Structures are given as C-alpha cells and as structure tokens.
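The structure appears below as structure tokens.
The values are calculated or read from the model by the stated rules, or taken from the named source; none is laboratory data. Everything quoted here is computed from the prediction, not taken from an experiment. Neighbour counts run over all protein chains shown; Cβ positions are idealised from the backbone, glycine included. Just the protein is used for accessible areas: all its heavy atoms, side chains included, with ligands, DNA and RNA removed. Shrake-Rupley method; radii C 1.70, N 1.55, O 1.52, S 1.80 Å.
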Amino acid sequence: MIRYIIKRLILMIPAILATSLIIFIAMNMTGGDPVDSLAPENATEEQIEELREELGLNDPLLVRYVKYMGGMLRGDLGVSYVTKKDVFATFAERLPATLKLACSSVLIATLVALPLGIYTAIHQNTWKDTGGMVFALFGVSMPNFWLGLMLILCFSLWLGWFPSGGYGDGGIRNLVLPAVTVGLGFAALITRTTRSAMLDVIRQDYMTTARAKGVPDRKVIFGHGLKNALIPIITVIGMQLSNALTGSVLAETVFSWPGVGRLIVDSIAKRDTPMVTGSIIMCCILVCIVNVAVDLVYAFFDPRIKAQYAKKG
C-alpha cells in the first residue's frame with residue numbers, strides 16, 4: 001500500500017508540469033501587457049523598458065518558463081507583479097478560508113444527499129421518489145450566485161440571523177450561508193448518484209436472499225446495500241471536494257469570502273502571471289492529493305480494492 005501511494009504521488013509530477021505549462025502559455029498569449037497596469041501613469045519609455053527587464057518579460061517565453069520551473073523546484077513560486085508579495089505566502093493566507101468552505105459545503109451536501117438518495121431509491125416510482133428527483137434537478141440547474149443572493153435576502157436582511165458576507169472572525173455564523181450555497185448544488189448530484197447506485201444494488205440477488213432469511217429491512221439497506229453502493233458515491237463526493245477547492249468563485253464573490261478562487265480571478269484580471277500560475281499549480285497539487293485520498297477510502301470500504309493495491313505495491 002505504501003509503495004502504491006508513493007507511485008501515485010510521483011504521478012503528480014507530470015500533471016503539475018503540464019498544468020504549469022498550459023497556464024504559463026495561456027497567460028502570456030492573452031492580449032495586453034502587464035507592464036501597462038504596473039507602470040506609473042506618466043512613465044517614460046525608459047521606465048517601462050526598465051520595468052520589463054526587471055520582470056524578465058524581455059526573455060523568450062520558453063526561457064521564462066524554465067526559469068519559473070527552476071524556482072518552483074526550489075520551493076519558490078515567484079513574487080506577485082501587483083502586490084510584490086511571495087506567491088506561496090499569499091496562497092497560504094487564502095487557503096484556510098477555502099478549505100473551511102470546501103469541507104463544510106461537502107459535509108452539508110453529504111448529510112443531505114445520502115439519506116435523500118437512499119430514500120428515493122427505496123420508494124422508486126412513487127411521489128416520494130419524484131419529489132426527491134425534483135429537488136435534485138432544482139439543485140443541479142440552480143445558479144450558485146442566485147441561491148446565495150436569495151439566502152442573503154432571507155436570512156441576513158429579513159431575519160438577521162447571519163452576516164451577509166465577509167470572513168469575519170472565521171466563526172460558524174459567517175460560514176453557514178456560503179457553505180449552504182455551495183453544498184446544496186453538490187447535494188443534488190450526490191443524491192442522483194446515491195439513488196442510482198442503490199437501485200443497482202437493491203436488484204442484486206444477495207439483497208433478496210438477505211430479506212428471505214428474515215434480516216430486518218434497515219440492516220439490509222444499510223448493512224448490505226449502502227456498503228456495496230459506496231464506491232461511486234465516494235467518487236462523486238471526492239469530485240465535489242475537488243470542485244469546492246478550485247471552483248467556488250461565484251459563492252466567494254457573492255459572500256466576499258477571501259478564498260483561493262477569488263484570488264485567481266482577481267489575479268487574472270490584473271494579468272499577474274506569477275500569482276495565477278503559482279495558485280493554479282497549488283490547486284492542482286491539492287486535487288491530486290484529494291484523488292489519492294479517495295483511492296485510500298476505496299480500500300477502507302472495499303477489501304477487494306485493498307488487495308489489488310497490495311498487489312500493485
């Protein structure tokens with residue numbers, strides 16, 4: 001198992017290199033010049049050229065990329081063009097807020113989706129099943145920014161239960177609305193996956209045999225059914241966690257949440273290539289770690305997968 005984990009971690013290297021190359025090229029192919037936004041308003045041509053030389057923008061693209069990757073191998077992700085701060089330090093400042101939002105939203109989604117998915121599968125083709133699927137359809141099609149605005153209108157302006165935005169002291173009151181906004185969208189997909197996986201399991205012969213032996217329905221559903229349906233459910237939960245770590249930009253914008261998503265979007269607008277490239281590389285690393293963790297969870301719930309990992313190791 002340890003050797004398998006090491007192999008997976010080594011496989012992260014090509015993914016990181018490919019991601020960094022694509023982002024670096026994309027940022028340099030977009031229109032505009034970062035010097036235009038960084039130079040003083042009345043800067044002379046000499047000052048502009050000096051700034052370009054200072055930032056290394058006069059070097060060919062490939063040379064700049066090699067220099068950047070050389071710095072990254074030494075643990076240096078560069079310095080922001082705009083703030084003049086270390087990229088890794090800035091990312092590390094934003095990461096706790098993103099982790100808090102991602103984990104809480106996925107937890108809310110799982111707590112809502114698992115019972116609902118199981119319930120709709122048990123009551124297939126009834127009004128209860130239809131109601132659950134309507135909720136799932138609504139959650140999938142509902143824009144995050146619209147739900148966030150509605151929650152602010154209801155629970156902040158009308159009822160005054162929660163703050164309308166901001167990180168505050170990082171307490172739970174500031175976290176509830178953005179976490180619910182992101183989590184309900186995730187819950188819809190997890191609900192549909194749970195229902196589908198449970199329907200496949202419920203039709204299996206061993207479920208019929210367990211009922212014929214007089215095993216209580218609750219034990220049949222949760223002890224036999226859910227346990228064997230968990231693999232696709234865990235996969236989707238892992239995907240949603242990865243999405244929350246990298247794609248909660250709309251919710252972060254609506255609630256003024258100081259996360260990594262807003263950092264990347266703001267840096268793209270300012271053409272801050274080191275900040276964008278470094279932040280996306282770190283997000284790529286986080287997603288790879290989540291994928292490895294999902295594989296380990298597979299092994300925990302399914303001994304057959306654990307035995308396969310042991311053979312591969």
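Would you please classify the overall shape of the stretch 159-313 from the alpha carbon gyration tensor, given that a ≥ b ≥ c denote the square roots of the eigenvalues, rounded means a/c under 1.5, and beyond that prolate means a/b larger than b/c while oblate covers the rest? Mind showing how you got there, number by number?
On the way: a/c = 3.40, a/b = 1.74, b/c = 1.95.
Oblate is the answer for the stretch 159-313, as a/c is 1.5 or above yet b/c matches or exceeds a/b.
Give, rounded to the nearest 20 debye, the magnitude of the charge dipole that the chain has about its Cα centre when Lys and Arg contribute +1 at Cβ and Asp and Glu contribute -1 at Cβ.
So the magnitude is around 2260 debye.
Round to a whole number: what % of the accessible area of the chain belongs to carbon and sulfur, probe 1.4 Å?
Summing carbon and sulfur atoms, their accessible area is 66 percent of the total for the chain.
Only helical DSSP H runs with n ≥ 4 go in: add -39500 (n - 2.57) per run for the chain, normalise by residue count and round the 222 nm mean residue ellipticity to 500 deg cm²/dmol.
On the way: 15 runs with 229 residues, N = 313.
Helix-only estimate at 222 nm: -24000 deg cm²/dmol.
Compute the convex hull volume of the Cα atoms of the stretch 225-287, divide it by the residue count, and report the result per residue in Å³ as a whole number. Don't jump to the answer; show the numbers that get you there.
Details: hull volume 5.6 nm³, N = 63.
Dividing the Cα hull volume of the stretch 225-287 by its residue count gives 89 Å³.
Please compute P(r) over all alpha-carbon pairs of the chain, binned at 10 Å starting from zero, and give each bin as a whole-number percent.
Per 10 Å bin, starting at zero, the Cα-Cα P(r) for the chain comes out as 6, 21, 25, 23, 15, 7, 3, 1, 0 percent.
Once you put a point 7 Å from the Cα of M69 and another 7 Å from the Cα of M133, both along the Cβ direction, what distance in nm separates them?
4.9 nm
For D76 and M142, what does the FRET efficiency come to when R0 = 51 Å and r is the distance between their Cβ atoms, rounded to the nearest 0.05?
Numbers: r = 42 Å, r/R0 = 0.82.
The formula returns an efficiency of 0.75 here.
Just list whichever of K7/K67; K84/K270; K67/K270 have alpha carbons separated by over 25 Å in the model shown. Mind showing how you got there, number by number?
Values: K7/K67 27 Å; K84/K270 13 Å; K67/K270 22 Å.
Where the Cα-Cα span goes over 25 Å, the pairs concerned are K7/K67.
Name the helices (complete DSSP H segments) of the chain with a Cα length along the long axis of 20 Å or more and a Kyte-Doolittle mean of at least -1.0, or state none.
For the chain, where a helix must reach 20 Å along its axis and average at least -1.0, the hits are 12-29, 87-122, 127-141, 172-202, 227-246, 273-301.
Give the accessible surface of the chain per residue, rounded to a whole number of Å², with probe radius 1.4 Å and ligands, DNA and RNA excluded. Intermediate values should be presented prior to the final figure.
Numbers: 16830 Å² over 313 residues.
Ligands and nucleic acids excluded, the figure is 54 Å² per residue.
If the cut-off is 17 Å between C-alpha atoms, which aspartates and glutamates fall inside it for K85, apart from same-chain ones fewer than 8 positions away?
E54, D76, E93, D266, D272
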